[in-house]
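Structure first, commentary second.
Where a number appears in this text, it was derived from the coordinates with a stated rule and is not lab data. Computed from a predicted model, the values in this text were never measured in an experiment. A quick note on method: Cβ atoms are made from the backbone with ideal geometry, for glycine too, and the neighbour counts reach across all protein chains shown.
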Amino acid sequence: MNKLLQNVNLAGASLFLQILGGNQSLALPHISVPDISWVDWPAVKAAGFKVLRHKDKKPAGGCEELQQQFQCEPHEMVFVGDRYLTDVVFGNRHGMLTIRVAPLTSQGEPPTVVAARVLEDASFMGHLGTKQLGAVSLASLATSLATYVFSFLVFLTTPRVAAAHANGDSKTVNRLAAVGLWLALGTGLLVAVSLSFSAEAIVHALNPPEPEVSAYAVQYITVRSWGILAAMLGFVASGTYRGVKDTRTPLNAAIGAALTHITLTPLFILGFDWGVAGAALAATISQWVSCVMLLSLMFKRQLLHAADLLQPPRWHEVSPYLWKGAVLALRMVVTFGMVMFASAICVRAGAASQAAFEIIRQECISA
């Protein structure tokens, strides 16, 4: 119990919440280096700084004992540490020069400390670099266009299932769900494979000026394309649930996907250092989590039977989706095409412009 209490820093947790809602600059060091060996200690001492281990639990407490020890004011001190929310915040609160170093190792650290490091990085330093963010912006628009062109699967499935459900025809509901899933499976596989193998050609057509942006964008599209199949299957499943007046299940699946995404993104980017590929993989896995939840519950609720799913659809069952879906798909192409055009203009201005474009786009989506 004592060991557990030693790992809990209530003052640090309290200040973390205050910083998130207030002055986040307190958690930004003046200098950040890969590890402590990069600090020029002779130069630090030659500049008049003395080295002293800080015994109090940071970031709470004052620095009176430091002033007594060094006989100088806090603004004349340098505080070196490897934690944003303890070492850096403590030093910045008292006006010191702060140097943040990367941890030497995570071996032997309590799980609470490891979790706190991930949380700190995700909150303050978890952002991808400018070129990476620009590449993700460009690539995500391409994969989103390829995905939402087929969002007509939701809009066409819902009314047909609703009509059958209103008539109490569960057999037709099962068949409509199975036909939609067959269509989603075929188109999803075709689009996923095509997008994955043509990633370089797509990025080349968009013509980003920096080679690094091109390389990152290809990585993102290659990995992210395999989530398109899950999205299309999810379109049909969501349309089926809406048709039977169930909006809670798609919401729960979306929440499950969001939680998965929030958990895996910092793990893959920060914990495993997978960068852009990690961001794409986290998003792809989260889509499959939602898809599996929706499909498994369809079987459980008798909205889908294996017998119907094993029977391939006939042309007269598929053709209504194709003819009506073509009109809706064209609308999505026009809508996303305008965004893609704006993105293509931005990317030619450089990664910084594209990264800024993505931040603004995400803010507009959130609004």
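Rg and Dmax of the range 280-321 over Cα atoms: what are they, in angstrom?
14.1, 38
Please give the net charge around L303, taking every other residue with its beta carbon less than 13 angstrom from that of L303, where Lys and Arg add +1 and Asp and Glu add -1.
+3
When the dipole is taken about the Cα centre of the range 145-301, and only Lys, Arg (+1) and Asp, Glu (-1) are charged at their Cβ, what size is it in debye, to the nearest 20?
The dipole of the range 145-301 has a size of about 940 debye.
Regarding the range 151-276, what whole-number volume in Å³ per residue does the convex hull of its Cα atoms give?
Spelled out: Cα convex hull of the range 151-276, divided by residues, is 110 Å³.
So what is log10(I(q)/I(0)) for the range 227-315 at q = 0.19, 0.22 1/Å, when the Debye sum runs over its Cα atoms only?
-0.85, -1.00
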